[in-house]
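Chemist: One structure is given below, represented as structure tokens, and several questions about it will come after.
The values are calculated or read from the model by the stated rules, or taken from the named source; none is laboratory data. These numbers come from a predicted model, not from an experiment. Glycine also receives a Cβ, built like all others from the backbone with ideal geometry; neighbour counts cover every protein chain displayed. Note: areas computed on protein heavy atoms with side chains; ligands, DNA, RNA excluded. Shrake-Rupley method; radii C 1.70, N 1.55, O 1.52, S 1.80 Å.
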Number of protein chains: 2
Amino acid sequence: LIIREQEPPNLESPFAQLHSFLTPNCLFYVRSHFTTPILEQGNYSLTMDGAMEQSFSLSYDELRDLPAVTRTATLECAGNGRNYLVPQVKGLQWQLGAVSTAEWTGVPLATLLHRARLTADACEIVLQGADQGTPKDEPLPPGKIHYARSFPLTKAKDVVLAYAMNGQELGIDHGYPVRAVVPGYYGMASVKWLTHIHIMETPFQGYFQTSDYAYWDLEAGNPVRRPLREMLVKSAIGRPATREVIKAGSEYRVSGAAWSGNATVSKVEVSTDGGHEWKPACLTDEEQPFVWRRWEFKWLVPFKKGRYILMSRATDNDGNVQPDQHDRNFGPYAIHHTLPVEIEVQ
Amino acid sequence: LIIREQEPPNLESPFAQLHSFLTPNCLFYVRSHFTTPILEQGNYSLTMDGAMEQSFSLSYDELRDLPAVTRTATLECAGNGRNYLVPQVKGLQWQLGAVSTAEWTGVPLATLLHRARLTADACEIVLQGADQGTPKDEPLPPGKIHYARSFPLTKAKDVVLAYAMNGQELGIDHGYPVRAVVPGYYGMASVKWLTHIHIMETPFQGYFQTSDYAYWDLEAGNPVRRPLREMLVKSAIGRPATREVIKAGSEYRVSGAAWSGNATVSKVEVSTDGGHEWKPACLTDEEQPFVWRRWEFKWLVPFKKGRYILMSRATDNDGNVQPDQHDRNFGPYAIHHTLPVEIEVQ
């Protein structure tokens, strides 16, 4: 893992290593906002309250006794790729690897919502972690806050309260003993060290929905602030690396991965001439919701030596295509435009 | 007027001059966010659209032909008193005088809503001015924006689209030819140079609702960002001024004004010993919604020479009392705590 911040730990996965469909736990990227909370199974408690007939708490053992599911999901940090923005913007300087895929085992959130019997006005679900501290971006609330994030009730059907990751107990940095996994959303929604679930009757306007992890949308001509949600369609090249030297006249296997939050990736194209001509890549992973598809492209490297610019471009089943420029309304987030990889043929 | 910023013009009323219940137009405070737009009656147009059966536009003459009302309202800038915060915060350094009262003549907003026939889902009304520019506070939208502010539909009954102020045509700095007046709300709601009214089915999350003119409320233990709305109960001392020298053993008339956005002011008390003992002041203006009440207190100045600390404290009919400390959740806004005025008896 590549260190982007020592404390709290923010660690990037080596994106070139796409040898397996599931990212090994030891290579799964880590995103932490505050000091890592050390929780114990023995006194862990998950509290559900808000717009419901019956609020309740569950111990770790009670949660483990409920029927479990295993769901595969790719998580991408909303700031992944930030290092490619020019001019540089503040925030962790992620390159390509703040994205990873795992199988998550735990209790469907739907099971707990069913037990709680929500009121008719319930509209959003706030997940709150045990991690707390003083955030960095203006406007700042006074004092310490907990990490907390919401999603609409309609998204709840996909959400898992996970205690295992690729068949192993969750690691401390990944939210031990229980985290949420919100498939399709940028990683900030998948709250780690989950201790509270609060049901709201109005949209949640917390710090990580407004000051941070938000963007500007347009509504009747006015920019309006909205929380980030679904990952936007994206592909990235794992191999070759920038400035890699490739042998003229050889056959080179360009490879990478592609994903989208709303839909499945249906097509990846590759350009070896800086975006003029595009050719289809081969998708090597099967199509399934909420997970990436790795891809390959056999490049017949020209005999002409010199610099070449490689690019990849993904399209999803909703017809969304990776754009060629970053949308400034997203500020330091949702960096999903096609990125040139400059290499040298010798 | 006291200059707080030359361009755009931000001008403070001399608060000590409370000689009249209505502030003369030439002494009414001015708050501008962007360069003053120069509009003309001849090509002025007010557009109404959004969640309604029939969107429409009105010329200035068409607006003037509608039945008019005259309503008195005190407007206070949400940042009034900011200069008293310690440590100093960024923003215009208003002292006491970013508050004034006028009679506003124009068309009730209700008349236009009636004509528009709103849909059942209508919930908020966005007012947009012709003024536009690049704002200052993070997070910033990319590019220029118009000044725009919303309020809930339930507030619409109080709102006037005003073309006259104290019987005179609106001045350029006060929104010529038409501004909104939202009685009871901080001044930022009373959009000047009004050209668009947009009806929303969800709360408006524009820049001046989220980045600026917003505060932190608490909801289920988490700070949440909310737009500022009603003025909080407040009184301020106009006379004496800080450091004024007052004759020992004389009778001195302490005076000021008090207001509240939600209710009328029912009581003002004065302390001449730094807040230990409080005595009732006499309210010299009658009680009416959305306007200030000036007050007087006859102080029998002691024979003992030295420094004295005067304070005033207002209570409104909803039982709200002026606090003795600034609430940090409001940041640089809603500064309505009791302010000590230190004077010298000689």
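Chemist: What accessible area, summed over both chains, is buried at the A-B interface (1.4 Å probe, Å², nearest 100)?
Modeler: Roughly 2300 Å².
Chemist: Let me know the volume per residue of the alpha-carbon convex hull for chain B, in Å³.
Modeler: Details: hull volume 49.5 nm³, N = 346.
In chain B, the Cα hull volume divided by residue count equals 143 Å³.
Chemist: Suppose we consider the axis relating copy B to copy A; can you name the residue of B with the nearest Cβ and state that distance in angstrom as an integer?
Modeler: For the rotation taking chain B to chain A, the closest Cβ gives B:GLU138, 2.
Chemist: Here's something else I'd like to know. Which distances, in nm and shortest first, link the A:CYS26 label point to the same label point in every other copy, taking 7 Å along Cα→Cβ?
Modeler: Sorted ascending, the copy-to-copy spacings read 8.2 nm.
Chemist: What do you get when you divide the Cα radius of gyration of the range B:20-168 by 2.2 N^0.38 Å, with N the number of residues?
Modeler: 1.19
Chemist: Within 10 Å of each Cβ in peptide B:120-126, how many partner chain Cβ atoms are there on average? Round it to a whole number, please.
Modeler: 1
Chemist: Checking the table A:LYS144/A:LYS234; A:LYS90/A:LYS234; A:LYS155/A:LYS267; B:LYS155/B:LYS234; A:LYS90/A:LYS144 against a 29 Å threshold on Cα-Cα, which pairs fail? Can you show the working numbers first?
Modeler: Numbers: A:LYS144/A:LYS234 35 Å; A:LYS90/A:LYS234 22 Å; A:LYS155/A:LYS267 26 Å; B:LYS155/B:LYS234 21 Å; A:LYS90/A:LYS144 22 Å.
In this structure, A:LYS144/A:LYS234 lie more than 29 Å apart at Cα.
Chemist: To one decimal place, what Kirkwood hydrodynamic radius in Å is obtained for the range B:284-346 from all pairs of distinct Cα atoms?
Modeler: On the way: mean 1/r = 0.0687 Å⁻¹.
With all distinct Cα pairs of the range B:284-346 included, I get 14.6 Å.
Chemist: Every other copy gets compared here: list the nm distances from the A:GLU62 label point (7 Å along Cα to Cβ) to its counterparts, shortest first, one decimal.
Modeler: Values, ascending and in nm: 6.2.
Chemist: What percentages, rounded to whole numbers, describe P(r) for the range A:204-297 computed over all alpha carbon pairs with 10 Å bin width beginning at zero?
Modeler: 14, 31, 24, 22, 7, 1
Chemist: For the range B:200-309, with all protein chains present and a 1.4 Å probe, just round the carbon and sulfur fraction of the accessible area to a whole percent.
Modeler: On the way: 2430 of 4980 Å².
The C+S portion of the solvent-accessible surface of the range B:200-309 is 49 percent.
Chemist: Relative contact order for chain A: what is it in percent, counting Cα pairs under 8 Å that are at least 6 residues apart?
Modeler: 17
Chemist: To the nearest µm²/s, what D does Stokes-Einstein give for the range A:276-320 at 25 °C and 0.890 mPa s, using the Kirkwood radius over alpha carbon pairs as Rh?
Modeler: D, rounded to a whole number, is 187 µm²/s.
Chemist: Here's something else I'd like to know. May I ask you to find the residues of the range A:136-169 that are shielded by at least 40 Å² of accessible area once the whole protein assembly is considered instead of their isolated chain (probe 1.4 Å)?
Modeler: A:GLU138, A:PRO139, A:PRO142
Chemist: If one computes P(r) from the Cα atoms of the range A:231-346, what percent of pairs lie at distances over 18 Å? Mind dumping the intermediate values first?
Modeler: Working: 3237 of 6670 pairs.
Of the Cα pairs, 49 percent sit more than 18 Å apart.
Chemist: Then there is this: Keeping the other protein chains in place, figure out the carbon and sulfur percent of the accessible area of the range A:1-96, with a 1.4 Å probe.
Modeler: Values: 2390 of 4730 Å².
The nonpolar share, carbon plus sulfur, comes to 50 percent.
Chemist: While we're here: Can you pull the Rg over Rh of the range B:1-50, Cα-only, Kirkwood?
Modeler: On the Cα set of the range B:1-50, Rg over Rh gives 1.13.
Chemist: Provide an ascending nm list, one decimal, of label-point separations from A:ARG307 to the equivalent residue in each further copy; define each label point as 7 Å from Cα along Cα→Cβ.
Modeler: 6.8
Chemist: Taking Rh as the Kirkwood radius computed over C-alpha pairs, what is the Stokes-Einstein D of the range A:193-250 at 4 °C in a medium of viscosity 1.567 mPa s, expressed in µm² per second?
Modeler: On the way: Rh = 16.2 Å.
Roughly 80 µm²/s, to the nearest whole number.
Chemist: Grab the alpha carbons of the range B:49-92, take their convex hull, and tell me the volume per residue in Å³. Each step should come with its number before you reach the end.
Modeler: Details: hull volume 8.0 nm³, N = 44.
Output value, Cα hull per residue: 181 Å³.
Chemist: Calculate the spin-label point distance for B:PHE56 paired with A:SER57, positioning each point 7 Å from the Cα along the beta-carbon direction, and give it in nanometres.
Modeler: Result for the modelled spin labels: 6.0 nm.
Chemist: Per residue, how many Å² of accessible area does the protein assembly as shown show with a 1.4 Å probe?
Modeler: With the other protein chains kept in place, the protein assembly as shown gives 42 Å² per residue.
Chemist: At q = 0.06 Å⁻¹, what log₁₀ I(q)/I(0) does the protein assembly as shown have when each alpha carbon counts as one equal point scatterer in the Debye sum?
Modeler: -0.45
Chemist: Per residue of B:207-215, how many C-beta atoms from partner chains lie within 10 Å of its own C-beta, taken as a mean?
Modeler: Across the residues of B:207-215, the mean count of other-chain Cβ atoms within 10 Å is 4.
Chemist: Let me ask something else. I want to verify a result. In a Gaussian network model of chain B, Cα cutoff 10 Å, which of these has the top mean-square fluctuation: B:GLY256, B:GLY50, B:GLY81?
Modeler: Highest fluctuation among the options: B:GLY50.
Chemist: Not counting the cut sites, what is the longest span of chain A without GluC sites (Glu not before Pro) that DSSP labels loop and that have at most 12 other Cβ atoms within 10 Å?
Modeler: So the longest stretch without any such site is A:54-276.
Chemist: For the range B:87-156, with equal point scatterers placed on the C-alpha atoms only and solvent neglected, what are the log10 I(q)/I(0) values from the Debye formula at q = 0.11, 0.12, 0.23, 0.25 1/Å, to two decimals?
Modeler: Taken in order of the listed q values, log10 I(q)/I(0) reads -0.50, -0.59, -1.15, -1.18.
Chemist: Grab the DSSP H runs of chain B that are 4 residues or longer, score each as -39,500 (n - 2.57), total them, divide by all residues and round the 222 nm result to the nearest 500 deg cm²/dmol.
Modeler: -1000 deg cm²/dmol
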